[in-house]
Amino acid sequence: MGITNAATLQIWDESKQEWERLSWKECMLDGRELIHFRQKIEARKRDFLRLRKVSGITNIYSEGKKGHGTQAIIKPIENLNDKIANFRDTMNHKYSKYIIDMALKNNCGIIQMENLEGYSEKAEESFLKSWSYHDLQTKIIYKAKEHGIEVIKVNPKYTSKRCSKCGCIHNDNRDCKNNQAKFKCVICGYEENADINAARNIALPNIDVIIKEQIEIQKAI
């Protein structure tokens, strides 16, 4: 899950021991609508801050008498917060429905996703706190249960640094500073979109155990 790609899906076929071939359109939930909405919200908030400065208000929540200027600022901010909540709910319903429909279409009995509990509280960007991946995951879980699909949360640690082809875990497999979207394994040379590579790792049964064993192997080398 992310911002540029709201969610990236990959399907592991346990019987064939291989990943299903998915088109880019099928496996990527475009986050551009979210980015556009974020830009609009940030622009509106900047406008409100400028209005505060013009009206001479230093603390809109301070005790005492509040003038019309204060109320004129508070109301739009409250409306803005309502818009954020409504947009989040609408988009998360849309994303979760797509994910469940994909699972049903491809006969998936299990959905594995990152355990992001506490992530929104730690997020540095305030918009991520408002977005709430917890809400999206909650919607996925209850919709999955309606269709008898099991949901397993896995530890996302190392899933973005592990090569889904050879299993190598290395910091240099990703150059987040220069090209965050690219994954290239330093051992086997496998190249893939970073989100797809991570999603493939997350889709593997017992990926937590696989990663732990790989770490121990690499330590011993």
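Worth pointing out:
- Positions within region 142-161 being part of a helix (DSSP H, G or I) and surrounded by fewer than 16 Cβ atoms within 10 Å (Cβ to Cβ), in sequence order: TYR142, LYS145, GLU146
- Annotation note: of ASN206, ASN201, the sole residue that is modelled with pLDDT of 95 or more and closer than 27 Å to ASP30 by Cα is ASN201.
- Residues located in region 181-221, provided they are exposed (fewer than 13 other Cβ atoms within 10 Å of the Cβ) and in contact with a Ser or Thr (Cβ under 7 Å, 6 or more places away or on another chain): none
- Any pair with Cβ under 8 angstrom, 6 or more apart, that starts in region 109-125 at a residue that is at pLDDT 50 or above and ends at one that is surrounded by fewer than 16 Cβ atoms within 10 Å (Cβ to Cβ) and among the β-branched types (Val, Ile, Thr): ILE110/ILE152; ILE111/ILE152; GLN112/ILE152; MET113/ILE152
- Selection from region 1-43 of residues that are free of Cβ contacts under 8 Å to residues at least 40 places away in the same chain and part of a strand (DSSP E or B): ASP13, GLU18, ASP30
- Residue within region 168-188 that is more than 25 Å from LEU104 (Cα to Cα), of a type in the set (A, V, I, L, M), in the same structural domain as ASP101 (by TED's automatic domain parsing) and in a loop (DSSP other than H, G, I, E, B) present: no
- Checked against the criteria, ALA198 counts as part of a helix (DSSP H, G or I) and not assigned by TED's automatic domain parsing to the domain that holds MET1.
The values are calculated or read from the model by the stated rules, or taken from the named source; none is laboratory data. Please read all numbers here as calculations on a predicted model, not as lab measurements. Note: ideal-geometry Cβ built from the backbone for every residue, glycine included; neighbour counts use all protein chains shown.
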